[in-house]
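Novice: Below is a structure I'd like to ask you about.
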Amino acid sequence: TIVTIPDQIEDDLVLTTRFLFNPKLGIDNPALCLGEDTGSDPEPAARICILRKDADGDFAFHLSKEQEREGHIVRQVVPGGPAYLAGLRDGDQLLQVNGEYVHEQEYLRVVQKIKYSGSRLSLGVLDEAAYETLRSSHRSPASVLSNFLSDSCPRPHFYRVKNEGRGFGFTASATGGVRGTFLLQVEDGGPAQKAGVPHGCRLLEVNGESTISITLSQLTKKLQRRSSHVVLLVLEASAWDVYESHGVPLSAALAETSSLPYRTRKLHLVKGPQGYGFLLRQEKCLAGQGQFLREIDPGLPAEDAGMREGDRLLGVNGQSVEGLEHEDTVSMIQESGKQVTLIVISNEGDRFFNEIGLSPLLFYEEETSVHSECKNVTQTTTGTPSGPGHTEPQVRADPSKTLSTSTEIQRNEE
């Protein structure tokens, strides 16, 4: 039997040619390249999560500092909460807050940046696996952030301007008549110029209150209510577009720390035979209640470390004590053993930050604080007596103080 092959099938056979292997090209079938796994890990990429507070005023997550990992770790993300819905997950590495790179900033300061960010919060994060990949390749976490404020970008500045009898030495104008867009004209030789306020800068806040949504008339009334001095938060006018293009909300949390008239101090105390040598007292203050340092004994570790009468205690061993009860703060000091690290601010500084409605910890910087206090810090290693009849220095209640809760952190109970 003779089988005749149709012409159209014959044509198909001619068109279907075999691909010949060419060793110089390396692969014998280019179709295999389309879905082949190259074996390389995906490039780490940051996620930008936009959070809005819930009805209770919470973002519903915790920020943790852990010994096993550097930086700041997202923990306890509440399922269904604002953080979870925005894409935040347990174990994420926090790199950016409102457009600012925070990976290497102090933990306490980052917490305060989130706290004072308002109802809307923008976070840049990496998941744990991606962060470890980045770390193993010795790359900076900043390399995966495509949209963050550079260190060269001008930051808002605080200025404290005194009224020398004829006003504050500046006038404000609303650009284009739009509310909240105030530019300052600074008088030559006036109080504002003496304080360092730059001409033509953009006004952001007055005494801790935002000027973004007020009219020029309302601003004038705010300034008239302040007879002796005023605290301004301003930004160079040329930098405004940079923040807008990055979608970064301007707030005091972004302020340049060098512009602040008062700074926190870090004190390291090593317990001597007579204890630390100071009284911790809970007192009323503008913010409600606070822990203050009193009755500092001459020659004992507290004085040697640079503690001053009336200093307010803000942190113990890297943990904030703002809002804690007196007994809880005392326990933190007791449990630290024979040495403790305190973060404090002067009495004048405490009043300044209360005036602008911010926590001093918002601007806490480890390096600056250590440097500013290095001449006062003592690493005293005076031996503590031991043996029968000796009692370790204790923190004990002082019943003689009747106007406030106080605890003496001072001497041995013999």
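Every number here is computed from the coordinates shown, using simple stated rules; none is lab data. Owing to the predicted nature of the structure, the values given are computational and were not obtained by experimental measurement. Cβ sites come from the backbone with ideal geometry, for glycine too, and all protein chains shown count toward neighbours.
Novice: Please compute the length gained on full extension between Glu327 and Thr181, using 0.36 nm multiplied by the number of residues separating them and subtracting their Cα-Cα distance.
Specialist: The span from Glu327 to Thr181 would gain 47.9 nm if fully extended.
Novice: Oh, and also: If the limit is 30 Å between Cα atoms, which of Lys222/Lys284; Lys115/Lys266; Lys115/Lys194; Lys113/Lys338 go over it?
Specialist: Result: Lys115/Lys194; Lys113/Lys338 exceed 30 Å.
Novice: With θ set to phi - 60° and the Karplus curve 6.51 cos²θ - 1.76 cosθ + 1.60, what are the ³J(HN,Hα) couplings of segment 201-208 in order, to the nearest whole Hz, using x for Gly and Pro?
Specialist: Per-residue couplings from phi come out as 6, 8, 8, 10, 9, 10, 6, x Hz.
Novice: Follow-up question, since we're still on this one. Report the dimensions of segment 47-144 along its three principal axes from the alpha-carbon atoms, largest first, rounded to Å.
Specialist: 42, 25, 24
Novice: Now for a different question. Whole-Hz Karplus ³J(HN,Hα) for segment 298-311, in order, using 6.51 cos²θ - 1.76 cosθ + 1.60 and θ = phi - 60°, x for Gly and Pro?
Specialist: In residue order, the calculated couplings are x, x, 9, x, 4, 5, 4, 7, x, 5, 10, 4, x, 4 Hz.
Novice: Another one. Mind computing the radius of gyration and Dmax over the alpha-carbon atoms of segment 157-259? Å is fine for both.
Specialist: Here Rg and the maximum Cα pair distance are 13.0, 41 Å.
Novice: Could you check the simple spin-label distance between Ser245 and Thr215, using points 7 Å along Cα→Cβ, in nm with one decimal?
Specialist: That separation, rounded to one decimal, is 3.5 nm.
Novice: Report, in debye and to the nearest 20, how large the dipole of segment 190-240 comes out about its Cα centre when Lys and Arg carry +1 and Asp and Glu carry -1 on their Cβ.
Specialist: Value, rounded to 20: 220 debye.
Novice: Multiplying the sequence separation of Glu132 and Glu66 by 0.36 nm and subtracting their Cα-Cα distance, what value in nm do you get?
Specialist: 22.3 nm
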